[in-house]
Amino acid sequence: QVQLVESGGGLVQAGGSLRLSCAASERYAMGWFRQASGKEREFVAGINWSGISTTYADSVKGRFAMSRDNAKNTAYLQMNSLKPEDTAVYYCAATTKRYGVNYYYQQGYDYWGQGTQVTVSS
């Protein structure tokens, strides 16, 4: 059974940085989503199967960077210049599709992690 194990969340002051990790059992195209309290889950970033291509939500462009280590089947989300509005539970997701992935489309993902809390204090 496929498992996605997230780590790296925590409490940080505004302007600070955190790096989230998502370890998978196999290599997949992956995405990060987040859900703030009382809000719907939203797309944050996605990376293709090879790691060559990434895509980001406008709200995090220039601040967040997604990468992957294919030898470890692990994806990362480096979050810099964090703002209080980035506070949310962050989820990683994986899809078995290798091409034509719509990273924004939550229903297109096959597997989800358990979520990790990120709290940014002002």
Packing-based ranking, highest mean first, of 20-32, 104-116 given that Cβ atoms within 10 Å are counted: 20-32, 104-116
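Given a Förster distance of 41 angstrom, what is the FRET efficiency for TYR99 paired with SER17, based on the Cβ-Cβ distance and rounded to 0.05?
The calculated FRET efficiency here is 0.80.
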Whichever lysines have a C-alpha closer than 24 Å to that of LYS72, once near sequence neighbours (fewer than 8 apart) are set aside: LYS97
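Could you grab the relative contact order for the chain? Cα pairs under 8 Å, six or more apart, rounded to a whole percent. Intermediate results must be reported in sequence, preceding the final value.
Numbers: 304 pairs, mean separation 43.2, N = 122.
Reported relative contact order: 35 percent.
Only Cα pairs under 8 Å and at least 6 apart count here; give the relative contact order of segment 34-76 as a rounded whole percent. Present the calculation step by step, with values, prior to reporting the outcome.
Details: 42 pairs, mean separation 11.7, N = 43.
Averaging sequence separation for qualifying contacts and normalising by length gives 27 percent for segment 34-76.
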³J(HN,Hα), Karplus 6.51/-1.76/1.60, whole Hz, each residue of segment 56-72, x for Gly, Pro: 9, 5, 4, 5, 10, 4, x, 10, 10, 9, 9, 9, 8, 10, 5, 5, 10
Segment 67-106: C-alpha gyration tensor shape, a/c 1.5 cut-off, then a/b vs b/c: oblate
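Based on the Cβ-Cβ distance of ASN70 and GLN35, what FRET efficiency does E = 1/(1 + (r/R0)^6) give at R0 = 22 Å, to the nearest 0.05? Don't jump to the answer; show the numbers that get you there.
Working: r = 28 Å, r/R0 = 1.26.
The computed FRET efficiency comes out at 0.20.
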Partner lysines for LYS39 [C-alpha distance under 20 Å; skip if fewer than 8 residues away on the same chain]: LYS83
Using θ = phi - 60° and Karplus 6.51 cos²θ - 1.76 cosθ + 1.60, couplings along segment 73-87 (whole Hz; Gly, Pro as x): 6, 10, 10, 10, 10, 7, 10, 10, 6, 5, 10, x, 6, 7, 4
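Each value in this text was obtained by applying a stated rule to the coordinates, not by laboratory testing. If you're wondering where the values come from, they're calculated on a predicted model, not measured in any experiment. FYI the Cβ positions are ideal-geometry reconstructions off the backbone, even for glycines, and counts take in every protein chain you see.
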